[in-house]
Amino acid sequence: MIVKPSLSLKTLPPDLDRDRLPQHVAVIMDGNGRWAKRKGMPRIMGHQQGVNVLKDLLRCCKDWGIPALTVYAFSTENWGRPTQEVEFLMMLFEQVLRRELAEMMTENVRIRFVGNLAALPESLQGQIAQSMEDTRDNQDVAFTVATNYGGRQEILQACRAIAQKVQAGEIEAENIDESVFESHLYTHELANPDLLIRTSGEMRISNFLLWQLAYAEIYVTQTPWPEFDREEFHQALINYQNRERRFGKVGKRL
Ligand code: IPE
Ligand code: IPE
Ligand code: MG
């Protein structure tokens, strides 16, 4: 099962304003299991197909000039799934990473992983370290994969790190501001997402980027992740460009 990039959307669709594209898109890739079940296949087939979709979205970000993409691949809560599914996902992450590294180099993609990586299988950790090291100078797309990621866990580890610095006398408690706090998050090298896309209809954040999404525009599509394509992404971007981002102020349209 291979998804071919639809050639008509190879370049940025003309109804999108190049100057107002989101600079960072975050995606909750949901609905793999339900998609597979509807087709009478085991859930893992949905994850397998989801990889093809992700590859094309990453290429699309490069083709359309969107410089940062962050995806939710595995949450801290996903350990609660059947062992077989968890083991399949870990194997899939490692296999895909090994297989796609060369293409990320030619496509000039920098890959980063965020989350509690130390709890992942050791061979996967090795592959993650290798891919982050090899791609560190690539500049076209900053591609971040949240793996064993939980927003609450990320905030807690930042609190612990800051508390330790206060205890050691390196920071004064009253000097802890938003920028100090952000610098202790896994995402410290990235700007906050402008747009969050969630596939498969659920209207929730599921512990993703709790701090970073404070002012993201949220777009939910009913389409399950294994069917998300460039046309779906196009629709999400049109919807985004029709929003007025007010950041708490009074809007221009009023
Ligand atoms: C998202 O799809 C992928 C992961 C969480 C790894 P799901 O596996 O959650 O699919 P549904 O939501 O059960 O259909
Ligand atoms: C969120 O999806 C996690 C990922 C996409 C990796 P879930 O399927 O785990 O979220 P819930 O259970 O519907 O909240
Ligand atoms: Mg789900």
inquiry  = For residue 202, only one of the following conditions fails: (1) surrounded by fewer than 16 Cβ atoms within 10 Å (Cβ to Cβ); (2) in a helix (DSSP H, G or I). What is its number?
reply    = (2)
Positions within the range 109-131 being assigned to a helix (DSSP H, G or I) and exposed (fewer than 15 other Cβ atoms within 10 Å of the Cβ), in sequence order = 118, 119, 122, 123, 126, 129, 130
key: Unmet requirement for residue 14, which otherwise passes all of (1) modelled with pLDDT of 95 or more; (2) assigned to a helix (DSSP H, G or I); (3) away from ligand 2 (no atom under 16 Å from the Cβ)   = (2)
Condition met for residue 20 (open to solvent by 20 Å² or more (accessible area, probe 1.4 Å), of a type in the set (Lys, Arg) and under 30 Å from residue 244 (Cβ atoms)) = yes
query = Just wondering, is there one or more residues in the range 141-164 that are touching a strand residue (DSSP E or B) at 6+ places or on another chain (Cβ under 8 Å), at negative phi and surrounded by fewer than 17 Cβ atoms within 10 Å (Cβ to Cβ)?
reply = no
ask   = residue 26 is checked against (1) more than 23 Å from residue 143 (Cα to Cα); (2) aliphatic (A, V, I, L, M); (3) touching a Leu at 6+ places or on another chain (Cβ under 7 Å) and fails just one. What number does that condition carry?
value = (1)
ask   = Within the bounds of the range 45-66, is there any residue that is outside any helix (DSSP H, G or I) and buried (at least 16 other Cβ atoms within 10 Å of the Cβ)?
value = yes
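The values are calculated or read from the model by the stated rules, or taken from the named source; none is laboratory data. Worth saying up front: this structure is predicted, and the values here are computed from it rather than measured. Glycine also receives a Cβ, built like all others from the backbone with ideal geometry; neighbour counts cover every protein chain displayed. Please note that ligands, DNA and RNA were not included when accessible areas were found on the heavy atoms of the full protein model with its side chains. Shrake-Rupley method; radii C 1.70, N 1.55, O 1.52, S 1.80 Å.
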